[in-house]
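Undergrad: This structure is in structure tokens; I'll ask about it shortly.
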Amino acid sequence: MRLTSDGGLCRLLQRLGIRRKCARDYLHSPDPNYVAKVDYLEQCWQQVQAEPERRVLLYLDEFGFERQPTRAPAYEAMGHVQPLARRSPRSNTQCRGLGALNALTGQVTYCQRSHIRLPVVTDFYRQVVAAYPDAETVYVVQDNWPLHAHPDLVAHLQPQATPFWPRLPDNWPTTARCVPATRWPVQLLFLPTYAPWLNPIEKLWRWLRQTVLHLHRLSDHWDTLKQRVLDFMAQFAQGSHTLLRYVGLFPD
């Protein structure tokens, strides 16, 4: 290792098979129940495949986008001309979406609001149940955001069977403030913490960004942009094998 020049260092690295590379983002789930949660999810998925007329499995997630366009590589004339993310001088308003992807059919249930709070999530579950009126059990797979397990929301659902439950804030109530007369046939399934690769609907959000949001020219037309997002999601309202293939749920 007595190197006297940069060239000597370069030749040494070549002999050792070491080269400079671009780094990749890396995330490791710290969940001690990672394997057990994945196994439990697989068991529920097998039940759905065995009885698709009685059971449904949905992947749920939230999504946000802003008035200002996001930057991304794009085609442009050769030379010094670059693609432009045309921004508006207006405030960068945000909109939030809430979606559920059917793992068997590719059907997407979606709603869009300025904020995602407990009443919005509760109304969304009502929308989901209405979309599957014949299902005896609707499994909803989601991350560990505490709102997903709020007692006032869980009170609308049938008794839960999952052995895994996210930790709730200490200042939250432990029981629901009111119990509805009827309960929806929904079972909650919680993914391992910090494991977004296990939720296929994340790839649907990527497709939406690539198709609608990257370099869009509607920063001065906020309502039109929100409608474009709704129109994109509406194409999957009746199911889509193309979407299942894109997110990795439909084998080639």
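The values are calculated or read from the model by the stated rules, or taken from the named source; none is laboratory data. Every value quoted in this text rests on a predicted model; they were computed, and no experiment measured them. In case anyone asks, the SASA skips ligands and DNA or RNA and just uses the protein heavy atoms, side chains included. Shrake-Rupley method; radii C 1.70, N 1.55, O 1.52, S 1.80 Å.
Undergrad: When 1/r is averaged over all different Cα pairs and the result inverted, which Kirkwood radius in Å belongs to the stretch 167-209?
TA: Mean inverse Cα-Cα distance, inverted, gives 14.3 Å.
Undergrad: Another one. Return one whole number: the accessible area per residue of the chain in Å², for a 1.4 Å probe. Before the final figure, lay out each step's value.
TA: On the way: 15690 Å² over 252 residues.
Solvent-accessible surface per residue comes out at 62 Å².
Undergrad: Roll a 1.4 angstrom probe over the protein heavy atoms and tell me the percent of accessible area of the chain that is carbon or sulfur.
TA: Its accessible area is 51 percent carbon and sulfur atoms.
Undergrad: What are the lysines whose alpha-carbon lies under 23 Å from the alpha-carbon of LYS37, with same-chain residues fewer than 8 places away excluded?
TA: Within reach: LYS203.
Undergrad: Further question: Taking N as the number of residues in the stretch 94-142, what is its alpha-carbon radius of gyration divided by 2.2 N^0.38 Å? The partial results should precede the final answer.
TA: Working: Rg = 11.3 Å, N = 49, 2.2 N^0.38 = 9.7 Å.
The value comes to 1.17.
Undergrad: May I pose another question? Using only alpha carbon positions, build the gyration tensor of the stretch 1-51, then give the equivalent ellipsoid semi-axes as the square roots of 5 times its eigenvalues, largest first, whole angstrom.
TA: 51, 13, 9
Undergrad: Wrap a convex hull around the Cα atoms of the chain, take a quarter of its surface area, and give that in square nanometres.
TA: Computed as one quarter of the Cα hull surface, the answer is 21.8 nm².
Undergrad: Right, here's the next one. I need two numbers for the stretch 1-125: Rg to one decimal and Dmax as a whole number, Cα atoms only, in Å.
TA: Cα only, the stretch 1-125: 24.8, 73 Å (Rg, Dmax).
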